[in-house]
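One structure is given here, and the rest of the page talks about it.
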Amino acid sequence: MDESEQIAFEGRDGTEAENFIRDVKSRAFKLGKQKDNEWMAAFASICFSGNALRWFESLDDETQSDWKLLRAAILAKYPAGSAGSSASPF
């Protein structure tokens, strides 16, 4: 992944969610931020669009600002094999 490459998450399905989490982790690792949960959550927050952005904005502040909580919420909302419209309402 090129440093200038934009990471985006629209909330289509579980596969996109898994790829998004991997991409955020990869970018953090390249920048030496892999242990900085607050940085990773802040970075992820600028990558949401469409329905995923609306969902993200509905999360509580603690989940929005903690990567561990945010990635768990993403995986719960977009489980493996899911389509965005049929995912759980987490």
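Annotations
- The average projected area of the chain, computed from the convex hull of its Cα atoms over all directions, is 5.2 nm².
- Taking the chain and dividing mean pair separation by its residue count, relative contact order in percent (alpha carbons under 8 Å, at least six apart): 38 percent
- Rounded to the nearest 0.05, the FRET efficiency derived from the C-beta distance between Phe29 and Ser58 at R0 = 35 Å is 0.75.
- Long-range HN-HN contacts of Asp13 with modeled amide H, under 5 Å: Gly84
- When you count the other C-beta atoms within 10 angstrom of each residue and take the mean per peptide, 31-37, 68-74, 49-55 line up highest first as 68-74, 49-55, 31-37.
- In the chain, helical runs assigned H by DSSP with n ≥ 4 each contribute -39500 (n - 2.57); averaged across all residues and rounded to the nearest 500, the mean residue ellipticity at 222 nm is -16500 deg cm²/dmol.
- Ligands, DNA and RNA aside, Asp61 has an accessible area near 120 Å² when probed at 1.4 Å.
- Within the accessible area of the stretch 1-70 (1.4 Å probe), percent carbon and sulfur: 45 percent
The values are calculated or read from the model by the stated rules, or taken from the named source; none is laboratory data. For clarity, every value in this text was computed on a predicted model and none was experimentally measured. With ideal geometry, Cβ positions are generated from the backbone for all residues, glycine too; neighbour counts draw on all protein chains shown. Accessible surface is based on the protein model in full, side chains and every heavy atom, while ligands, DNA and RNA are left aside. Shrake-Rupley method; radii C 1.70, N 1.55, O 1.52, S 1.80 Å.
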